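As structure tokens, the structure follows; a few thoughts come after it.
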Amino acid sequence: MAQIGYSEKVMEHFMNPRNVGTIENPDGYGKVGNPVCGDVMEMFISVEDDTISDIKFRTFGCGSAIATSSMVTELAKGKHIDEAMEITRKDVADELDGLPPRKMHCSNLAADALHGAIEDYKSKKVGK
């Protein structure tokens, strides 16, 4: 995989992803997919006082998709939902010491899944 141009951080998050799994009855849930590459990401969040107290993901995809999902959970955990909503694909790629250009769409999916989970949380909160 190194010949594709993955950084050591990408490889570390791919081989040892953080926060894998699901949260039963999450406060927020987001799911995104890319029909071109086939990647699918699910993000589950628990929120206390508008702060992400726990976050888990399930990803079906390439090494970049898994690594970016793992990194997004690391970036978002412990942050206020408004701050987590500002996490961009560039933030994710930068934290992973870069991604090959043809894999940048993966980091976009991870951020989108997070944003979807936060939006789901907000919509549920308004309904209460």
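The values are calculated or read from the model by the stated rules, or taken from the named source; none is laboratory data. A quick note: this is a predicted structure, and the numbers were derived from the prediction, not measured. Here the Cβ positions follow ideal geometry from the backbone for every residue, glycine too, while neighbour counts run over all protein chains shown.
Among the candidates Gly116, Gly21, Gly30, Gly38, single out the residue that is within 13 Å of the chain's Cα centre (by Cα) and at positive phi.
Values: Gly116 fails: at positive phi; Gly30 fails: at positive phi; Gly38 fails: within 13 Å of the chain's Cα centre (by Cα).
Step by step, each of Gly116, Gly21, Gly30, Gly38 is checked, and only Gly21 is within 13 Å of the chain's Cα centre (by Cα) and at positive phi.
Return the residues of the range 38-47 that are more than 23 Å from Tyr6 (Cβ to Cβ) and surrounded by fewer than 20 Cβ atoms within 10 Å (Cβ to Cβ); say none if nothing qualifies.
Within the range 38-47, just Ser46 meets the criteria.
When Gly30 is evaluated against the numbered criteria (1) of a type in the set (Gly, Ala, Ser); (2) touching a helix residue (DSSP H, G or I) at 6+ places or on another chain (Cβ under 7 Å); (3) over 25 Å from Asp82 (Cα atoms), which criterion, by number, is the only one it fails?
Checking Gly30 against (1) of a type in the set (Gly, Ala, Ser); (2) touching a helix residue (DSSP H, G or I) at 6+ places or on another chain (Cβ under 7 Å); (3) over 25 Å from Asp82 (Cα atoms), the one that fails is (3).
Output the residue which, of all residues in the range 48-66 that are in contact with a helix residue (DSSP H, G or I) (Cβ under 9 Å, 6 or more places away or on another chain) and assigned to a loop (DSSP other than H, G, I, E, B), is surrounded by the fewest Cβ atoms within 10 Å (Cβ to Cβ).
Restricting to residues being in contact with a helix residue (DSSP H, G or I) (Cβ under 9 Å, 6 or more places away or on another chain) and assigned to a loop (DSSP other than H, G, I, E, B), the top hit is Asp50.
Based on this model, can you work out whether Phe14 counts as surrounded by fewer than 15 Cβ atoms within 10 Å (Cβ to Cβ) and at pLDDT below 95? Quick ask: steps written out before the conclusion?
Values: surrounded by fewer than 15 Cβ atoms within 10 Å (Cβ to Cβ): no; at pLDDT below 95: yes.
It is false that Phe14 is surrounded by fewer than 15 Cβ atoms within 10 Å (Cβ to Cβ) and at pLDDT below 95.
Consider Asp112 against the criteria (1) out of contact with any Pro (no Cβ under 8 Å at 6 or more places or on another chain); (2) in a helix (DSSP H, G or I); (3) surrounded by 15 or more Cβ atoms within 10 Å (Cβ to Cβ); (4) free of Cβ contacts under 8 Å to residues at least 60 places away in the same chain: it satisfies all of them except one. Which criterion is unmet?
It is condition (4) that Asp112 fails.
If a residue must be touching a helix residue (DSSP H, G or I) at 6+ places or on another chain (Cβ under 6 Å) and without any contact (Cβ under 8 Å) to a residue 24 or more places away in the chain, how many such residues does the range 67-87 contain?
Going through the range 67-87, the residues touching a helix residue (DSSP H, G or I) at 6+ places or on another chain (Cβ under 6 Å) turn out to be 67-72, 76, 81, 84-85, 87.
After this cut, where a residue has to be without any contact (Cβ under 8 Å) to a residue 24 or more places away in the chain as well, the list is none.
Of the residues in the range 67-87, 0 are touching a helix residue (DSSP H, G or I) at 6+ places or on another chain (Cβ under 6 Å) and without any contact (Cβ under 8 Å) to a residue 24 or more places away in the chain.
Would you confirm whether any residue within the range 85-94 is of a type outside the set (Phe, Trp, Tyr), assigned to a helix (DSSP H, G or I) and at pLDDT 95 or above? Even if it seems obvious, please write down each step before you answer.
The first filter runs over the range 85-94 and keeps only residues of a type outside the set (Phe, Trp, Tyr), leaving 85-94.
In the following step, the residues that additionally are assigned to a helix (DSSP H, G or I) were identified as 85, 89-94.
Still in the running and at pLDDT 95 or above: 85.
Yes; the residues of the range 85-94 include at least one that is of a type outside the set (Phe, Trp, Tyr), assigned to a helix (DSSP H, G or I) and at pLDDT 95 or above.
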